[in-house]
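The values are calculated or read from the model by the stated rules, or taken from the named source; none is laboratory data. Since the structure is predicted, the reported quantities are computational estimates derived from the model, not experimental observations. Counting neighbours? That spans all protein chains shown, and the Cβs are built from the backbone with ideal geometry, glycine included.
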Amino acid sequence: MRYYIIAGEASGDLHGSNLMKGLKIVDSKADFRFWGGDLMLAQGGTIVKHYKETAIMGFVEVLMNLGKIKRFFAECKSDIQSYKPDVLILIDYPGFNLRMAEFAKSINLKCYYYISPKIWAWKESRIEKIKAFVDKMFVIFPFEVDYFKKHNYPVDYAGNPLLDAVQEKIDEKSTFEDFIERNKLENKPVIGILAGSRKQEIDRNLSIMLKIIPDYKDYQFVIAAAPSIEPDYYSKFIEGYNVKVVFKQTYDVLKNSTAALVTSGTATLETALFSIPQVVCYRAGNLSYFIAKQFVKLKYISLVNLIMDSEVVRELIQFDMNPKMIKKELNKILFDMDYRSNMLENYNKLRNVLGGTGASERVAKLVFDYLQK
């Protein structure tokens, strides 16, 4: 089978790579062409566009880049028609991918969606486009099954693929000593910093996170650099701070951390699956935040809290995301053993809710089986 896959950000690249790995198991003749990143590229096939070129977030930012986005659409449509795939597989990235789903319908190309757009958070009207243009939907959160059922749209849930990716790292034999030696770190407990996968996120969050460093002399802070960001980009933020930046080692940072400061997104769930207590820190542009407040109808922004429908981890959002509040919460997860233990206990409950490992291969088999019908 010929698979055309579109992922537009780092988390999509991770899920796309695991799906490709699963598809190669169930389909020995699998051929891939994709928009994605380095992890997908490592699975083989041909990359058309790297997500670092296409990752544009925020209402204002999208408006400022409309011409570029229009060119992406035209290029993608032309490339799909040239490749003639058996199926188009879309991974999250709804602003772009739902348009591509409509295009696929217009040329009678099967269209499957993996990692649903978060229409349960906002833009619920997108359900109409999904029902009209998407042939099969594969979701990764159990609550999404009931949500789509409410809209008379059956979906498949085969578990969450992050469990596979995280467990693989947990099972590695490497030690804390290996980690600090490899990265020339001190022999002190690590506080990991995950400040986002896009430059806009890093710009608004990292400098605030770093301000607390002087108050924690007994710890070392380690920034897990985003895979799509060039190394030099971090230099302007870290000058004057005792902090280390490591590259292409996000899971190693999490595995070896005592606590973490995490910008909301997939990273919050990954941090929880590594059983690392965390503070969720998120600032957007003021205009984008104001607009989002008018439309987003969720109690929480982190995946951990959304899945558990309770405040498992503290979310410091927008103006609450400041050095004083970060330090207050970090002290609790470092020094209040009851508070820390309660968070870790809730992480165990989260794992049980998500189910076991093997999700990527199960979804790949569903995709392949549906294509045979």
**OP:** Please specify each residue of the stretch 66-99 satisfying the condition of being among the aliphatic types (A, V, I, L, M) and more than 19 Å from Leu371 (Cα to Cα).
**Re:** Leu66, Ile69, Ala74, Leu98
Original post:
Any idea which of (1) at negative phi; (2) in contact with a helix residue (DSSP H, G or I) (Cβ under 6 Å, 6 or more places away or on another chain) is the one Ser78 doesn't satisfy?
Top reply: (2)
Subject >> Test: residue in the stretch 243-261 that is in a strand (DSSP E or B), closer than 24 Å to Met343 by Cβ, in contact with a Ser or Thr (Cβ under 7 Å, 6 or more places away or on another chain) and without any contact (Cβ under 8 Å) to a residue 40 or more places away in the chain >> reply: no
Original post:
Which condition does Tyr251 not pass, out of (1) farther than 26 Å from Asp320 by Cβ; (2) under 14 Å from the mean Cα position of the chain (by Cα); (3) modelled with pLDDT under 95, if it passes all the others?
Top reply: (3)
**OP:** Filter the stretch 205-227 for residues that are outside any loop (DSSP other than H, G, I, E, B), touching a residue at least 40 places away in the same chain (Cβ under 8 Å) and either outside the structural domain of Glu177 (by TED's automatic domain parsing) or surrounded by fewer than 23 Cβ atoms within 10 Å (Cβ to Cβ) (or both) and give the result.
**Re:** Ile208, Asp215
Original post:
Which residue pairs have Cβ atoms closer than 6 Å, lie 6 or more positions apart in sequence or on different chains, and pair a first residue in the stretch 32-46 that is farther than 10 Å from Tyr4 by Cβ with a second residue that is basic (Lys, Arg) and in a helix (DSSP H, G or I)?
Top reply: Gln43/Lys21
Subject >> Tabulated pairs, the stretch 264-286, first farther than 14 Å from Leu206 by Cα, second assigned to a loop (DSSP other than H, G, I, E, B) and modelled with pLDDT of 95 or more, C-beta under 6 angstrom, 6+ apart or interchain >> reply: Gln278/Val313
Original post:
Can you tell me which residue in the stretch 29-67 is modelled with the highest pLDDT, limited to those that are surrounded by fewer than 16 Cβ atoms within 10 Å (Cβ to Cβ) and among the polar types (S, T, N, Q)?
Top reply: Thr46
**OP:** Go through the stretch 155-189 and count every residue that is under 22 Å from Leu366 (Cα atoms) and assigned to a loop (DSSP other than H, G, I, E, B).
**Re:** 5
